[in-house]
Amino acid sequence: MKVKFVGAGPGDPELLTIKGHRALSEADTVIYAGSLVNPELLKYCKSGCEIYNSAVMNLEEIIEVCHRDTKAGLSVVRLHTGDFSIYGSLREQIEALNALDISYELIPGVSSFLGAASALEIEYTVPEISQSLIITRMEGRTPVPELEKLSSFASHQTSMAIFLSSGMVSDVMTELVKGGYTEDTPVAVIYKATWPDEKIVRGSIADIAEKVAEAGISKTALIIVGRCLGYEFNASKLYDKAFSHEFRA
């Protein structure tokens, strides 16, 4: 048997992929990522499924459950929040499985930055406004490479989705200004995107820290920055009748 890593999506149980739902509903063992995973998803598990909360487990304990149960011929799902390819601690787990010759499958999920865009009703890549999206985080207890400092990325002044930093909003804004963003740049902080208790705070670099503090948001939130949040936009050339192209995708 193999371990199936499943991206749980941003929170809304209906945003789990069909393939992920199938894996979860057939699993004999599920190890889920604690409070970051909507518990409603666990209702998809079959009767008798053994469920473990990885928030109270270390890496060795997680791998031990995977090892024991796959050897016993049981189907194991490792259920991650959003998509495990972004801040998912995936690599260390699959390297440990490789060392034990345990096979695995990766089933991607909808990342929270995608759920946030829909909740905010925005497009990150607005023609002639922003054609790139930077996904990053503020340096905290976990360091970031020198070339990936927030102020360095901010010099591009494009759309940004900043993870794991909502408890340091004031510091984040300082770094963004240091990198070149103006203080009137639009910012949105979205708490638990697509969950029933989702909360959105909008403002600018100048005032968002105060607004977030007033809203009582300190974790489980994404910071979205850039002119993609503003009122400026340009129509795409894709459907422009005067724009010649080979085909429309």
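Tell me which residues, restricted to region 65-77, are part of a loop (DSSP other than H, G, I, E, B) and either over 22 Å from GLU95 (Cβ atoms) or not small (Gly, Ala, Ser) (or both). Let's see the steps before the verdict.
Of all residues in region 65-77, those part of a loop (DSSP other than H, G, I, E, B) come to 72-75.
Those that are part of a loop (DSSP other than H, G, I, E, B) and either over 22 Å from GLU95 (Cβ atoms) or not small (Gly, Ala, Ser) (or both): ALA72, GLY73, LEU74.
Would you confirm whether or not region 143-154 contains a residue that is out of contact with any strand residue (DSSP E or B) (no Cβ under 7 Å at 6 or more places or on another chain), among the aliphatic types (A, V, I, L, M) and surrounded by 17 or more Cβ atoms within 10 Å (Cβ to Cβ)?
For region 143-154, residues out of contact with any strand residue (DSSP E or B) (no Cβ under 7 Å at 6 or more places or on another chain), among the aliphatic types (A, V, I, L, M) and surrounded by 17 or more Cβ atoms within 10 Å (Cβ to Cβ): present.
Just the residues that are touching a strand residue (DSSP E or B) at 6+ places or on another chain (Cβ under 7 Å), outside any strand (DSSP E or B) and either more than 27 Å from GLU198 (Cα to Cα) or of a type outside the set (Phe, Trp, Tyr) (or both), please, taken from region 94-114.
ILE94, LEU97, ILE102, PRO108, GLY109, VAL110, SER111, SER112
The rows are residues; the columns are (1) in contact with a Leu (Cβ under 8 Å, 6 or more places away or on another chain); (2) in a loop (DSSP other than H, G, I, E, B); (3) charged (D, E, K, R).
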{"residue": "PHE5", "(1), (2), (3)": "yes, no, no"}
{"residue": "GLY11", "(1), (2), (3)": "no, yes, no"}
{"residue": "ARG22", "(1), (2), (3)": "no, no, yes"}
{"residue": "SER25", "(1), (2), (3)": "no, no, no"}
{"residue": "VAL30", "(1), (2), (3)": "yes, no, no"}
{"residue": "ILE63", "(1), (2), (3)": "yes, no, no"}
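Which one is nearest to ALA72 (Cα to Cα) among residues in region 1-60 that are surrounded by fewer than 22 Cβ atoms within 10 Å (Cβ to Cβ) and among the basic types (Lys, Arg)?
LYS2
Among the residues that make up region 99-120, is at least one of them more than 22 Å from HIS21 (Cα to Cα) and touching a Phe, Trp or Tyr at 6+ places or on another chain (Cβ under 9 Å)?
Yes: one or more hits.
Test each condition in (1) buried (at least 18 other Cβ atoms within 10 Å of the Cβ); (2) over 22 Å from ASP12 (Cα atoms); (3) touching a Ser or Thr at 6+ places or on another chain (Cβ under 7 Å) for GLY179 and report the one that comes out false.
Unmet for GLY179, out of (1) buried (at least 18 other Cβ atoms within 10 Å of the Cβ); (2) over 22 Å from ASP12 (Cα atoms); (3) touching a Ser or Thr at 6+ places or on another chain (Cβ under 7 Å): (1).
When you go through THR136, THR125 one by one, which is the residue that is polar (S, T, N, Q), assigned to a loop (DSSP other than H, G, I, E, B) and under 30 Å from VAL187 (Cβ atoms)? Steps first, please.
On the way: THR136 fails: assigned to a loop (DSSP other than H, G, I, E, B).
Within the list THR136, THR125, the selection yields THR125.
Of all residues in region 155-167 being on the phi < 0 side of the Ramachandran plot and within 17 Å of the chain's Cα centre (by Cα), which is surrounded by the fewest Cβ atoms within 10 Å (Cβ to Cβ)? Break it down stepwise before answering.
As a first pass, look at region 155-167 and keep what is on the phi < 0 side of the Ramachandran plot: 155-156, 158-163, 165-167.
Next, from what is left, pick out any that are within 17 Å of the chain's Cα centre (by Cα): 159-163, 165-167.
Numbers: SER159: 25, MET160: 27, ALA161: 23, ILE162: 26, PHE163: 18, SER165: 21, SER166: 21, GLY167: 16.
Only one residue tops the list, namely GLY167.
Inspect region 44-56 for any residue being outside any strand (DSSP E or B), basic (Lys, Arg) and under 22 Å from the mean Cα position of the chain (by Cα) and give the result as yes or no.
Among the residues of region 44-56, not one is outside any strand (DSSP E or B), basic (Lys, Arg) and under 22 Å from the mean Cα position of the chain (by Cα), which makes the answer no.
Working only within region 51-90, note down all residues that are touching a helix residue (DSSP H, G or I) at 6+ places or on another chain (Cβ under 8 Å) and of a type in the set (Phe, Trp, Tyr).
Of everything in region 51-90, those that are touching a helix residue (DSSP H, G or I) at 6+ places or on another chain (Cβ under 8 Å) and of a type in the set (Phe, Trp, Tyr) turn out to be TYR52, PHE84.
Every number here is computed from the coordinates shown, using simple stated rules; none is lab data. These numbers come from a predicted model, not from an experiment. Heads up, the Cβs are rebuilt from the backbone with ideal geometry, glycines too, and the neighbour counts pull from every protein chain shown.
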